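Since every read-out is calculated from the coordinates, none of them should be taken as a lab result. Every value quoted in this text rests on a predicted model; they were computed, and no experiment measured them. All Cβ positions, glycine included, derive from the backbone under ideal geometry; neighbour counts span all protein chains shown.
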Amino acid sequence: PPFRASIPGRLPARAPRGRRLFPERRARHPGAMPTPALRLAEWQRWRAELEARGRFDGAGSPFWSELLELSAGYRVRAHSPYSGLSLAALILGADGRLFAGVNVENASYGLTNCAERSAVFHAVSEGQQRFLLCFLQGQAPLPIPPCGACRQVLFEFAPDLWVISRGSQGQLACARLDRLLPGAMGAADLPRS
Ligand code: ZN
C-alpha cells in the first residue's frame, strides 16, 4: 500500500527532450510572494488535475516556488540529532494561510514529534482547523510518507486532505488522506451523549 509506488503524482524520471524537469530550481520566483487568494486558486487547479488525471502539474508556478523556498528554510530548523533526518511540513489552510512545522526529536525518543503534527498544532494554535494540502520536504532522496500517527492527526481535521511529499532530488509522491488511512476512526465513530 505503499505511498511511493501507488502514487499518481510522480514525476517522470527524465525530463522530456528540451525541457527541464524542475524549472523552479533555476532561480527564485521573481515576483512577489503569493497571496492567500493566489495560493487557493493555484491549489484548486492542482487538485482538479490530481483528482481527474492523477498527476501533479503545479511545478514552476508561484505557489510551488513558495512551497519549495519556505520548506527549504524551515527544514534546517528541525531538531533531529538522533535520526539525522530533517523534514519540513507546510499546511495550506482553507483561508490560504500556510502553517509550518518541523520534526522535533528528544533524547527520550518516544517524545519525538513529527513535522506534520508540528504543522497541525501550529495551524490550530493560529485558529485554522480546515486544511487543504500538506506539503512535505525531506532531506532523503525519496519522498517521505506521513507516519501512522500523523495520518490519524491529520484525519481529525481534514479527511480529504491531499499530501504532496517531495524528496531531496525533486521526486514527488501525492496521495489523498483517505487512501493513506482507509477505514479511519474519527469523531463520527464516538458515541455521543
Ligand atoms: Zn509522523
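Enumerate the whole-percent occupancy of each 10 Å bin, from 0 to the last occupied one, for all C-alpha pair distances of the stretch 33-104.
Answer for the stretch 33-104: a P(r) of 19, 43, 28, 10, 0 percent.
Just flag the chymotrypsin sites (Phe, Trp or Tyr not before Pro) in the stretch 72-114 sitting in loop per DSSP whose Cβ has no more than 11 other Cβ atoms within 10 Å.
Values: sites: Tyr74, Tyr82, Phe99, Tyr109; in loops: Tyr82.
The qualifying sites are Tyr82.
At a threshold of 8 angstrom on Cα-Cα distance, excluding pairs fewer than six apart, so keeping six or more, what relative contact order does the stretch 47-193 reach in percent?
Over the stretch 47-193, the number comes to 17 percent.
Using a 7 Å offset from Cα along Cα-Cβ at Leu190, what residues in the stretch 128-152 end up with backbone N under 18 Å from the label point?
129-130, 149-152
Compute the normalised compactness of the stretch 43-193: alpha-carbon radius of gyration over 2.2 N^0.38 Å, N being the residue count.
1.02
For the stretch 117-193, count the residues as N, evaluate 2.2 N^0.38 Å, and divide the Cα radius of gyration by that value, please.
So the stretch 117-193 has a normalised radius of gyration of 1.18.
If you filter the stretch 44-127 for GluC sites (Glu not before Pro), then keep DSSP loop positions with at most 15 other Cβ within 10 Å, what is left?
On the way: sites: Glu49, Glu51, Glu66, Glu69, Glu105, Glu116, Glu126; in loops: Glu105, Glu126.
In loop regions of the stretch 44-127 (DSSP not H, G, I, E or B), the sparsely surrounded GluC sites (Glu not before Pro) are Glu126.
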